[in-house]
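The values are calculated or read from the model by the stated rules, or taken from the named source; none is laboratory data. Worth saying up front: this structure is predicted, and the values here are computed from it rather than measured. Note that each Cβ is placed from the backbone with ideal geometry, even for glycine, and that neighbours are counted across all protein chains shown. To get the accessible areas, we keep the full protein, side chains included, count just its heavy atoms, and leave off ligands, DNA and RNA. Shrake-Rupley method; radii C 1.70, N 1.55, O 1.52, S 1.80 Å.
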Amino acid sequence: MNETPVEDLRAALAAHAIPATTPIHHRQDIVVPSAGGGVPVRIYRPSDAPGLPVVQWMHSGGFAVGNLDQNEEYLRTLSIASQAVIVSVDYRLAPEHPCPAALDDCRAVWEWIASAPDELRSVDATRVVIAGESAGGALTFALSHQLRDEGLPLPAAQISLYGTAVMEVTNPEHATALLSPEDCYWFWGMYVPDPADRTSRQASPGLAPDLGGLPPALVVTTEIDPTRDGTEEYARRMQEAGVPVDLRRYEGMMHGFATMTTVLPAAKELFGQIVDYLAEVFTRQR
């Protein structure tokens, strides 16, 4: 990927978007007010029942690629299976908008959900989970840290699907055509241009000395991922700090597999585990 202009990657993603086939009770695109000029979000609602919990979802794409369409089918099925309202975030992308623009957008959406706005139709704003895949998983980690550090209400849990906790290639031998060490540094270079800034909490929350008081976490890693070991070390350090962490490595799987539920049995298995985890969290918070 690092040899392809980012504009071409974005165009390719848009051209190969898979049309959704699963009917959803209600789907709406709106713009959440923010200091950055507004954050587009897509809301999925499985029914008109009041008091539904919420999942805030951040997409993958190395902070530089991605949009609301890429997880359309996955999020429809997740909303229905979990009986949760899902708010998918179209955060600003690098290199046009480097760090912390994406994180600021995710924070703005979090605060909007917490206000229980009319657009969410009487959701239970005390039962909110933040979740994301790859770059979205990294934003999940960073947002959890930011909220904790500022003493603000925390999500009921955080779910990170092979999100990078530290901007460092820890096992370069586990690379694929989907993600190589060179790709990692290319994406990080767009999101955090100055290497000295990549050790900040916003970029590498896994380097924070104190991990206590963070939200419970489901941390999913894959065997074939050049940043796997750094994220697994972060999960273990959270456990040592007293944070309830469910760490699951998928052997034989590569970075990017989670949403391939129609072709990979392991992705379908993970989908079920995410639904079960959400059910446990939302029941505990009821």
| said: If Rh is defined by the Kirkwood formula over all Cα pairs and Rg also comes from Cα, what ratio Rg/Rh do you get for the chain? | reply: 0.93
| message | Relative contact order for segment 158-237: what percent, with Cα pairs under 8 Å and sequence separation of 6 or more? | response | 55
| said: If I require 24 Å or longer along the helix axis, counting alpha carbons, and a Kyte-Doolittle average no lower than -0.5, what helices from the chain are left? Use full DSSP H segments. | reply: 265-285
| Accessible-area order (highest first, 1.4 angstrom probe) of the listed residues E119, E173 | E173, E119
| query | Which percent of the accessible area of the chain is formed by carbon and sulfur heavy atoms (probe 1.4 angstrom)? | reply | 54
| request: Any chance you could look up the accessible area of I18 with a 1.4 Å probe, heavy atoms only, rounded to 10 Å²? | output: 130
| Percent RCO, i.e. relative contact order, over the chain, from Cα pairs under 8 Å lying at least 6 residues apart | 17
| C99 accessible area, 1.4 Å probe, all protein chains in place, Å² to nearest 10 | 30
| message | Given the DSSP H assignment, sum -39500 (n - 2.57) over each helix run of at least 4 residues in the chain and divide by its residue total; what's the result at 222 nm in deg cm²/dmol, nearest 500? | response | -10500 deg cm²/dmol
| said: Whole angstrom only: what separates the Cα centroid of segment 74-130 from the Cα centroid of segment 197-237? | reply: 21
| remark: The distance between the Cα centres of segment 1-63 and segment 240-265, in whole Å, is 21
| remark: Taking Lys and Arg as +1 and Asp and Glu as -1, residues besides G66 with C-beta under 10 Å from its C-beta add up to -2
| Probe 1.4 Å, all protein chains in place: accessible area of R249 in Å², nearest 10? | 90
| query | Using a 1.4 Å probe, what is the accessible area per residue for segment 54-93, in Å²? | reply | 21
